[in-house]
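Take a look at the structure below.
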Amino acid sequence: MYYKFSSFTQKLTGAWASDAYSPQGLRPVVSTEAPPIIFATPTKLSSNSTAYDYAGKNKVPELQKFFQKSDGVPIHLKRGLPDQMLYRTTMALTVGGTIYCLIALYMASQPRNK
């Protein structure tokens, strides 16, 4: 009996000899001709490519100077109050979540009273 690997069941299954010697459904190439062209018209490149229309000013050089300035403030707090609020909220949620997990582990480790 011949076997082949079934990609559907991920197991070996029984097969005919022709299937077993042509794994995964691969068959020898019958024709050596090139396949027909799907798009017969050639594509042309546009010679007048325009840049994107963007109404805003490029702020990257200014922001690079601002964030690379050494003033002793960490990079994640450079923009002032919004960054401080985001940082403090993240830290509070992290500490609160850690405490909640520890309480849940403590409660799960205690036997139930019946």
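Return the pair list, or none, for Cβ contacts closer than 7 Å from residues in the stretch 80-102 that are free of Cβ contacts under 8 Å to residues at least 12 places away in the same chain to residues that are open to solvent by 70 Å² or more (accessible area, probe 1.4 Å), at least 6 apart or on different chains.
Pairs that qualify, where the first residue is free of Cβ contacts under 8 Å to residues at least 12 places away in the same chain and the partner is open to solvent by 70 Å² or more (accessible area, probe 1.4 Å), are 83/76; 87/76.
With respect to residue 89, is the statement that it is at pLDDT 65 or above, in a helix (DSSP H, G or I), out of contact with any Lys or Arg (no Cβ under 8 Å at 6 or more places or on another chain) and among the polar types (S, T, N, Q) true?
The answer is yes for residue 89.
Restricting attention to the stretch 70-83, which residues are surrounded by 10 or more Cβ atoms within 10 Å (Cβ to Cβ) and in a loop (DSSP other than H, G, I, E, B)?
The answer is 73, 78, 79.
Could you tell me whether any residue of the stretch 39-58 is more than 33 Å from the chain's Cα centre (by Cα), among the β-branched types (Val, Ile, Thr) and modelled with pLDDT under 90?
Looking for residues that are more than 33 Å from the chain's Cα centre (by Cα), among the β-branched types (Val, Ile, Thr) and modelled with pLDDT under 90, one finds at least one in the stretch 39-58, hence yes.
In the stretch 1-11, what count of residues is obtained for those that are loosely packed, with under 11 Cβ neighbours inside 10 Å and more than 29 Å from the chain's Cα centre (by Cα)?
2
The values are calculated or read from the model by the stated rules, or taken from the named source; none is laboratory data. Note that the coordinates shown come from a computational prediction; the quantities given were computed from them, not determined experimentally. All Cβ positions, glycine included, derive from the backbone under ideal geometry; neighbour counts span all protein chains shown. Just the protein is used for accessible areas: all its heavy atoms, side chains included, with ligands, DNA and RNA removed. Shrake-Rupley method; radii C 1.70, N 1.55, O 1.52, S 1.80 Å.
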